[in-house]
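FYI, it's all coordinate maths here, none of it is from the lab. Because the structure is a prediction, the values reported are computed rather than measured. Neighbour counts are summed over all protein chains in view; Cβ atoms, including those assigned to glycine, are modelled from backbone coordinates with ideal geometry.
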Amino acid sequence: MVKYIGKRLLQAIPLLLIITVIVFCMIHFAPYDAIDAMTSPQMSAQTVQQIKAKYGYDKPVFVQYLLWIKGVATGNFGYSIVTHQSISSDLAARIPATMQLVIPSYLVAFLLSIVLGLTSGSHKGKWLDKLIDGLCSVGIATPPFWLAMILIFFMGYQFNLLPILGMHTIGMENSFPDYLAHYIMPFIVMVIAFLPDLTRYVRSSTIGQLSEDYVVVQRAFGASRFEILSKHVAKNVLLPIITKFGMMLPMLVTGAIIIETVFSWPGVGPYFVKAIQGMDYPVVMAILILSSALVILGNLLSDILYCATDPRIREMR
Amino acid sequence: MEKHRRIKNMFYALKHDKVAIFSVIFLVFIILLSIFAFLIPTDPNAIDPENMLSAPSAQHWFGTDEVGRDYLIRTIYGGRVSLLVGVLAMMTSTVIGVGVGTVAGYFGGLVDNILMRIVDVLSSIPWMILITVVSILLKPGLQTIILVIGLFTWMEIARLVRAETLSVKEREFVMYSNFIGTSSMHIVIRHVIPSVLPTIIISATTSIANAIMTESSLSFLGLGIQQPMSSWGSLLQDAQGNLQNALYMALLPGILIILTVFSFNKIGDILRVLIEPKVTAGDE
Amino acid sequence: MEENKNLLTIRDLHTIFHIRNTNIEAVRGIDLDVGYGEIVGIVGESGSGKSVTMKSVMGILPDNTTINAEKLVFDGADLLSMSENERRKLRGCSMGMIFQDPMTALNPLKKIGFHLEEVLMRHCNISRAEAKKQAIEALEKVEIPCPEKRLEQYPHEFSGGMRQRVLIAMALACKPKLLIADEPTTALDVTIQAQILELLQKLQKEEKMSIILITHDLGVVASLCDRIAVMYGGLIMETGTTDQIFYKTRHPYTQALLNAIPKPNTQLKKRLEPIPGSAPSLAHPPAGCPFAPRCTFAMPECRTSIPAYQQFEDGQKSMCLLREIDTQKLAGEGGSK
């Protein structure tokens, strides 16, 4: 199995390199870039040239690319054109904030989805199933940011129960209850955003398992429906889902862009959106590369998890 | 006989599923409304500074926005844009997906390899990020958003079509066709496309639903539809600024998005009954 | 009374599937008796209702079915008046069932040991350690070598024949009085088929249990069964001892089945004789005898109403208006060997 991991890693590297090239080209050949944001037509060519040199834009493209790659590989993502701050340190501050939002909400959604999905799947066609599945369909159709706005209106404006911006009230950075008050709304929206998809997945997996032959056989051997569900179906359903955990990896950076923006939660989201609006290319590139790398790693992780847990595949590798 | 049973099953499912009936009716209604919006006498751009941000009333059923425009008519025109984006983006991604899929599946070898690597690469970049980035590289607006969504959502269809093409290619009648000299394009068109059509139709409905969601998100962030054009997403962006005073501005477009996306997905589900025989599980 | 002598008594069993807005009556009135220690074969084409009959007795049909019977008695207990929980206790314990496809009958993600131990612990109320011991014994009984090692393996590490042996071991683990084998060898190679049948025979003698063997293969019942019931269109056409069925055939369907078997000593130029026509639709069953449309001997009365059973000596019964079959009338050589 180690061989398999090694093989996949080797496959992933060229993919990653190609992505870096594409990202770099996309940004570099864009019609409007950060230099344009800093200069105006009135400036002399000399000034423009000086500004370009300052940020390394005067070197040949290829060299720029190599320099950038070298930086990325050593963890240095360069500097924001707009704020002049180190992107790495900005990200280092912001990623934890995003993680605080994404990880607990995903886990909660995950657990809820297992319960709901198993229940729904095993009562297929009955009213409970229709209710749960119906709610999932509505959930999938609901834009999370809209839900956020509605919550903000009622909890924030109308009933003044919860704060609607940011992570802390100024001056209360060390207060945990204050943090919680800020935390709860984005958390709920995130859970609701993750839930329907996961539930549907569990549900269809459950239905699939319940129609397998071994279920009838188990019934013939006297297993109760609950036993079948808990001892056989649940485990068989959980297995492929655990592999979905691998896909959580990229979400640690980009899973909550819109929600964070709506709630002004100081994660990667608003940072990214602001960079986009300000044409801050180094920041955009950094986040692009980071998230792509995480997607590739996430896929790899999923594959490995699947290999490790399914006895049928373990042998083959 | 088989097809007859499946059609019967679909209508049975449709008839007894009140939600599905509602979805169909709602979609027909909203599409007709969008097409014939110009017949409604209210002007979406008529500014009325005296009636800014007024709540729903007899005169303005959905109230007015921050510069006094009738919100109902703006929502209707917004819907028109959202639906347009949805359909056109779907068509773009379907055309690209089917094209790439058939070419990759049919020609195999190096061509297939390259195309599939491209699919892998594009699938590796979180699409939200990709779409956001590209949409600022191009001038923001209606065409951009359609193009961008279409360009980055074709991968799944391409994979499906490629798989189908590969399996059709293996079937004997294709080998015979080759033998008697029918051209390869002819074979592809005659055999692959019809067998892939059902899958494409189903994925088209979800495609539209997803495109509408994506467009709403992007427009909400200010990266999609630009003023003076409005879509449901951009209306929601305005609504965010006025949230405290005008909840109705957020409620309406949001509810319409939910209903539309839900309905398209529901139609997709019903079609799946027709097209994939295994879905009517439980009998025989 | 009759019931005390028999392990299983079925009277007038009807099983109806409710699919969408149609009702499909898969079993349309079956009477069957199985004695203690007896091997009974149920023979019929696909769709004849033989599997459904036994699944009804076991009670493992899906929820959209209705089961009606005048009498359903197992080992002196009335199954119809039992709760689901009580019936569940019987399954896998005093009545066991094995199925056609051993490849999909086991949970691929659980070890063989788990499968066996679970059944043992569930019904025999023993500890896991004790269950493990008995599991090893069960595997030895079905002639699986190295049982200790095998317990730790997964289903995909077993061949089809081996998996079927494991399933037999599971079914016999709690020493059932009745084993229902639903086409146990259909999915296996011919050589393995013979082995499995031999195994069943040996185990039956050792455990002194009754077996109901469901199959479409007359050759299988010939070697194993004491009595045979022939089913068609949801009804039993004929019952009798193996000798009676093969040598004193009373029902045209049975005769046609026997004729359809290719025989090794036939003249080379003879064609095989399939039964013309196809099985009746269960959604719209015919009014009369289900076999009438395909029967060489059909008379007008056959199509209007289902004939009553005719009794013959030594318990043989046939659901046909004929008392004798004119074997010459059926194209081909005489039906019996």
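Net charge dipole, the stretch B:1-154: roughly 780 debye, given to the nearest 20, about the Cα centre with Cβ charges of +1 for Lys and Arg and -1 for Asp and Glu.
At an R0 of 22 angstrom, the distance between the Cβ atoms of A:D303 and A:S204 translates into a FRET efficiency of 0.55. Once C-alpha pairs closer than 8 Å and six or more residues apart are averaged by separation and normalised to the residue number of the stretch C:9-158, the relative contact order reads 20 percent.
Each peptide among C:295-306, B:77-88 gets the average number of other Cβ atoms lying within 10 Å of its residues, and from highest to lowest they stand as B:77-88, C:295-306.
For A:K7, the lysines whose Cα comes closer than 23 Å to its Cα, not counting residues fewer than 8 places off in the same chain, are A:K244.
Strictly over 23 Å apart at the Cα level, which of C:K71/C:K317; C:K55/C:K141; C:K111/C:K133; A:K124/C:K89; A:K124/C:K110; C:K263/C:K317 would you flag in this model? Spell out each step's value before the answer.
Working: C:K71/C:K317 19 Å; C:K55/C:K141 26 Å; C:K111/C:K133 15 Å; A:K124/C:K89 25 Å; A:K124/C:K110 25 Å; C:K263/C:K317 26 Å.
Beyond 23 Å: C:K55/C:K141; A:K124/C:K89; A:K124/C:K110; C:K263/C:K317.
Calculated FRET efficiency, B:D43 to A:S224, Cβ-Cβ distance, R0 = 56 Å: about 0.25 to the nearest 0.05. Using alpha carbons only, how many angstrom separate the centre of the stretch C:177-238 from the centre of the stretch B:103-151? The distance from the Cα centre of the stretch C:177-238 to that of the stretch B:103-151 comes to 60 Å. Counting Cβ atoms of other protein chains within 10 Å of each Cβ in C:159-172 and taking the mean gives 1.
Find the percent of Cα-Cα distances in chain B that exceed 29 Å, and round it to a whole number.
Working: 18480 of 40186 pairs.
When every Cα pair of chain B is considered, 46 percent fall beyond 29 Å.
Which of C:R271, C:R165 has the fewest other C-beta atoms within 10 Å, and how do the rest follow up to the most? Display every interim value, and only then the final one.
Numbers: C:R271 8, C:R165 24.
In increasing order of surrounding Cβ atoms, one gets C:R271, C:R165.
With each label modelled as a point 7 angstrom along the Cα→C-beta vector, the A:F245-A:F159 pair spans 3.5 nm.
Other protein chain C-beta atoms within 10 Å of residue C-beta, averaged over C:102-112: 5.
Note on A:R8/A:I184: beta-carbon distance plugged into 1/(1 + (r/R0)^6) with R0 of 35 Å gives a FRET efficiency of 0.35. Dividing the helix sum by the residues of the protein assembly as shown, where each DSSP H run of 4 or more adds -39500 (n - 2.57), gives a mean residue ellipticity at 222 nm of -18500 deg cm²/dmol.
Hand me the tally of lysine pairs in the stretch C:146-221: alpha carbons under 24 angstrom apart, and the pair either on different chains or 8 or more positions apart.
On the way: C:K149/C:K175; C:K175/C:K202; C:K175/C:K205; C:K175/C:K208; C:K177/C:K202; C:K177/C:K205; C:K177/C:K208.
Total qualifying Lys-Lys pairs in the stretch C:146-221 comes to 7.
In summary, the aspartates and glutamates within cross-link reach of B:K266, defined as a Cα separation below 18 angstrom excluding same-chain residues under 8 places away, comprise A:D129, A:D133, A:D197, B:D17, B:E276.
Principal axis analysis of the Cα atoms in chain C yields extents of 65, 51, 42 Å, listed in decreasing size. Taking a point 7 Å out from the Cα of C:R303 in the direction of its Cβ, none of the residues of the stretch C:236-250 has a backbone N less than 19 Å from it.
Among A:S204, C:S281, the order by Cβ neighbours within 10 angstrom, fewest to most, reads C:S281, A:S204. Under a 5 Å amide H cut-off, with hydrogens placed 1.01 Å from N, C:G96 pairs with C:L178, C:L179, C:I180 among residues at least 5 apart or on other chains. The stretch C:101-119 and the stretch A:229-250 have Cα centres lying 20 Å from one another. With both labels modelled 7 Å from their Cα along Cα-to-Cβ, the C:C124 to C:V190 distance reads 3.8 nm.
Label zone (B:K18, point 7 Å along Cα-to-C-beta; backbone nitrogen cut-off 19 Å) within the stretch A:113-131: A:125-131.
The label point for C:Q310 and the one for C:E86, both projected 7 Å from the Cα toward the Cβ, are 4.2 nm apart.
Here chain C carries DSSP beta bridges of which approximately 60% are antiparallel, counting only pairs with both residues inside. Helix C:160-172 sits at what angle to the longest principal axis of chain C, using alpha carbons and giving 0 to 90 degrees rounded to 10? That helix lies at roughly 80 degrees to the long axis.
Peptide A:134-145 shows a mean partner chain C-beta count of 6 within 10 Å per residue C-beta. Treating the angle as unsigned and between 0 and 90°, give the value, to the nearest 10°, between the Cα long axis of helix B:142-151 and the longest Cα principal axis of chain B. With rounding to tens, the tilt is 30 degrees.
Any idea what the alpha-carbon Rg over 2.2 N^0.38 Å comes to for the protein assembly as shown? Write out the running numbers ahead of the final one.
On the way: Rg = 35.1 Å, N = 938, 2.2 N^0.38 = 29.6 Å.
Computed over Cα atoms of the protein assembly as shown, the ratio equals 1.18.
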